[in-house]
Amino acid sequence: MSHLKTLLIHPSMEVRNALRTQLAGVEFLKVLGEAASAFEAMELLEAIPYGVLFLGVDLPEGVSGIELAQMLASRPSRPALVFIAQDESLAFKAFELGATDYLLWPSPPERIERTVERLRLFKAHYKLIPESAYAWKPNAPSSDQDDDEETVKVP
């Protein structure tokens, strides 16, 4: 089965860990990266064609999640964007940028399930790259098994 490669972008390790746990049982998503800032995320985006970004609106180092989404708008294969925020003040802007969803954090499991359903619809329309086309897999032997992939983190 093809997976949507997922990148978690949030300054809080606790939020990233909670998201990773909540997404672990979703058969069509595979978390392959974590970043604490937009700059770390851009480095990871250059290496792996992510299909889904869970991104905080308040990121450190001067570039917000909204600004990162604006930078990604010109890419030919845009990932699904799920924004994570403490309030709804930027929801309108996020949806103007093509957000798939906007989560208020912390989100209850049933709200995450609604997000997963939206991502399932997104996946049906997303141009998936065949598994054999991936040129880079961290620590993977020469086989094309998806289970050999590991999460990439910027040091």
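The values are calculated or read from the model by the stated rules, or taken from the named source; none is laboratory data. Worth saying up front: this structure is predicted, and the values here are computed from it rather than measured. A quick note on method: Cβ atoms are made from the backbone with ideal geometry, for glycine too, and the neighbour counts reach across all protein chains shown. Calculation scope for accessible area: heavy atoms of the full protein, side chains included, ligands and nucleic acids excluded. Shrake-Rupley method; radii C 1.70, N 1.55, O 1.52, S 1.80 Å.
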Return the residue satisfying two criteria in turn: it lies in the range 1-19 and is farther than 18 Å from residue 78 by Cβ and among the charged types (D, E, K, R), and of such residues it is surrounded by the fewest Cβ atoms within 10 Å (Cβ to Cβ).
14
Name every residue in the range 77-90 that is farther than 22 Å from residue 29 by Cβ and not small (Gly, Ala, Ser), in order of residue number.
86, 87, 88, 90
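Condition check ((1) open to solvent by less than 10 Å² (accessible area, probe 1.4 Å); (2) aromatic (Phe, Trp, Tyr); (3) touching a residue at least 40 places away in the same chain (Cβ under 8 Å)) across all residues:
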position: 21; (1), (2), (3): no, no, no
position: 37; (1), (2), (3): yes, no, no
position: 46; (1), (2), (3): no, no, no
position: 50; (1), (2), (3): yes, yes, yes
position: 53; (1), (2), (3): yes, no, yes
position: 65; (1), (2), (3): yes, no, yes
position: 81; (1), (2), (3): yes, no, no
At pLDDT 80 or above, open to solvent by 50 Å² or more (accessible area, probe 1.4 Å) and on the phi < 0 side of the Ramachandran plot, is that true of residue 111?
no
